[in-house]
Amino acid sequence: MSIQFATSPVEILAWQRRVLSEPRLSHTASRIATSLSLHINSHSGVAWPSLRTLARVSNTSYSSVKRAIRRMVELQLLQVERGDARRANRYRAILRRNPPRPAAQRAPDPAPRQQAEPRPVDDAAIARVVAHLNRAANACFPDAPGTATYRILRRALRRHAPETLCAVVDLKTAQWGRTEQARYLRPSTLFTPSRLEGYLSELHQRGRPASPPPPPSPEPPRNPDRTTRPPTAPGKVRRHLDAMRHILGPSRS
């Protein structure tokens, strides 16, 4: 709990008002508190008058001053630092007590990301994928429990459906079927998690519909004022020239 002491003249005046409005403090003690406030240093907030000085200024007895100071300490109006034979007591006027700040609560850890629950896997699904792979690759991989093929497919089927794995088999069979890579048509290559994700991405890309062709560019508008004439054949031109010569007659030199 932090304590705010009266140091400035405004705060000392506020402390005097607090003392005078305290109903549990006697009139004599209030007069002694007012006399004590006159000795508070406005820079350090400390007062060090002797008990006899307070008794003389407040026009009370020595014992009344001791009782008043004891009562102000009980009411948390005054803080006393006991002196010794060489130094008088030190007094600080308590203006208010600030309640302790609540400890900063640590934010709760975010809830862990819930992972997708694994799919139930049965031996029938494993046998189905193995049979499809054997037909596509012309192989004879076993599907019995305890084999490497069984373990690989069981792990892959926890995340993917049998139809998805069969689609991966068909994709790589179409790519590798008649090449040297046909020897990689095996469970350890197709269904290993690091490679299976790439094959699934490739399968997804191939499954996308092709983009439609761009629309044909519009033809430029034709000018209706301009009449288009079909090209004239050479024979027609020749016959036309002969007719003109016959009408005009032989040319004169």
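At a probe radius of 1.4 angstrom, the accessible area of the stretch 4-95 per residue rounds to 58 square angstrom.
Considering only 176, 153, 203, and ranking their Cα positions along the charge dipole of the stretch 123-206 that arises from unit charges at the beta-carbon of Lys, Arg, Asp and Glu, the one farthest toward the positive end is 153. Taking every C-alpha pair closer than 8 Å and separated by at least 6 residues, the mean separation divided by the residue count of the stretch 4-95 gives a relative contact order of 35 percent.
Relative contact order, whole percent, for the stretch 123-206 stands at 30, derived from Cα pairs under 8 Å and 6 or more residues apart. Cα-based values for the stretch 4-95, radius of gyration first and Dmax second, are 11.9, 36 Å.
Once you order the gyration tensor axes a ≥ b ≥ c over the Cα atoms, which shape class does the stretch 123-206 get: rounded for a/c under 1.5, otherwise prolate or oblate by comparing a/b with b/c? Oblate, since a/c reaches 1.5 and b/c is not below a/b. Computed over the stretch 1-44, the convex hull of the alpha-carbon atoms projects to a mean area of 3.5 nm².
The values are calculated or read from the model by the stated rules, or taken from the named source; none is laboratory data. Just so it is clear, the model here is predicted, and its values are computed rather than measured. All Cβ positions, even for glycine, are placed from backbone atoms using ideal geometry, and neighbour counts span all protein chains on display. The area values use the complete protein model at the heavy-atom level, side chains included, leaving out ligands, DNA and RNA. Shrake-Rupley method; radii C 1.70, N 1.55, O 1.52, S 1.80 Å.
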